[in-house]
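Have a look at the structure below, then the notes.
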Amino acid sequence: MSEPVVIRASSLSSYADCPRRAAARLFKDDVLAAGFALRELPNGIGAAVGTAVHRAAAVMLDEKARTGVLPPADIATDAAIDSLREAAAGGMTYDRESPGLNDAEQQSARMVRAYRSAVAPDIQPLIVEERIEAEVTPTLTLSGQADVIAREPGRVIDLKTGKRLGNHNGQIGAYSLLARSIGLEVKEATIDFIQRVPVKKPQPDPVRQRHDILQVETAAANILRTMEADLRTFREGDFSRRLSPGDPWSFLANPSSKLCSAKWCPAHGTEFCHEHAKEEEE
């Protein structure tokens, strides 16, 4: 029997948007074994800024969990900038909001300061970025590293950055289910969003999004069931649906997704997925 596939909680929202794009990452070994080639995606500055802000937030909340107080802002901003420079050393693609590394460093520093002043004071951290794993089925293991699980009132918190806030019900629901799996009581689930904007614009204040626990946990559970069924179909086929083992249609494709492009999808334009819109040739 194959080893269980480890499913990151962060992948659940992506799977709901486009199962085939997500499968190209989650089930890469199965896809390659079926004879398909996938594309390697470049490192993007948006994700690097997000990682940098997360690292700084973890530094702050770790200190608060130990001592009850937040560290000086410079310690957190230094951690963010170090993270960015590490990422840039391996090659980076920039965008309109962050046209260069200097811009990204300035953005990260002010996003960290916004988090420290408006978000961190309200959090009483119990667990900070601690990975939790739980067996979902013999095929899937759910793994998640919530940014923070707060002591009171039993709140799972996730930090998001970027140009806009998408739908992350599946991910925050997965964190809640994982917290329950180790005996923690969860009463609230929130997402704190800090927008990344060009340095010429003022930094927007963080936004807090509250979620209904039952709704997000139900979303997570049903996405996981769909993942398992789709993977089983890809491995074994489903002749009632005229799908042989290894058929890409084991995973639905969503060409209407905003992320359906060569920039975001390792399956885009490969034999594993031809569902994206074609440009007419003159």
| said: Full-extension gain between residue 29 and residue 8, please, as 0.36 nm times their residue separation minus the C-alpha to C-alpha distance. | reply: 6.0 nm
| Expressed as a rounded percentage, what relative contact order does the chain have, with Cα pairs under 8 Å and six or more residues apart? | 23
| Out of every Cα pair in the stretch 82-241, what percent are spaced more than 25 Å from each other? | 45
| query | Mind checking the log10 I(q)/I(0) for the stretch 76-128 at q = 0.17, 0.28, 0.30 Å⁻¹? Debye, one equal scatterer per Cα, no solvent, two decimals. | reply | -0.62, -1.07, -1.15
| request: Restrict the search to the stretch 1-105; then list the trypsin sites (Lys or Arg not before Pro) that DSSP places in a loop and that have at most 12 other Cβ atoms within 10 Å of their Cβ. | output: 96
| note | the stretch 131-282: antiparallel bridges as % of DSSP beta bridges, rounded to 5, reads 60
| How much length is gained on full extension from residue 235 to residue 69, taking 0.36 nm per residue of separation minus their Cα-Cα distance? | 54.6 nm
| note | The relative contact order of the stretch 130-282, taking Cα pairs under 8 Å that sit 6 or more residues apart, comes to a percentage of 15
| task | Give a residue-ordered list of calculated ³J(HN,Hα) values for the stretch 13-23 (Karplus: 6.51 cos²θ - 1.76 cosθ + 1.60, θ = phi - 60°; whole Hz; x for Gly, Pro). | result | 5, 5, 5, 5, 6, 8, x, 6, 4, 5, 4
| said: Out of the GluC sites (Glu not before Pro) in the stretch 129-187, which ones are loop residues according to DSSP with at most 10 other C-beta atoms within 10 Å? | reply: 185
| Extension gain (nm, one decimal) between residue 259 and residue 117, 0.36 nm per residue minus Cα-Cα | 47.9 nm
| All-pairs Cα distance distribution in the stretch 9-128, expressed in whole percent, bin size 10 Å | 13, 32, 29, 21, 6, 0
| Computed FRET efficiency, Cβ-Cβ of residue 184 and residue 89, R0 41 Å: what is it to the nearest 0.05? | 0.65
| remark: Checking the stretch 1-109 for GluC sites (Glu not before Pro) in a loop per DSSP with at most 14 other beta-carbon atoms within 10 Å yields 40
| remark: Along the stretch 83-94, Karplus-curve 3J(HN,Hα) (6.51, -1.76, 1.60; θ = phi - 60°) to the nearest Hz, with x for Gly and Pro, reads 4, 4, 5, 4, 5, 5, 4, x, x, 8, 9, 9
| Computed [θ] at 222 nm, deg cm²/dmol, the chain (DSSP H ≥ 4; -39,500 (n - 2.57); rounded to nearest 500) | -13500 deg cm²/dmol
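Coordinate-derived values only; no laboratory data. Keep in mind it's a predicted model, so treat the numbers as computed, not measured. Cβ sites come from the backbone with ideal geometry, for glycine too, and all protein chains shown count toward neighbours.
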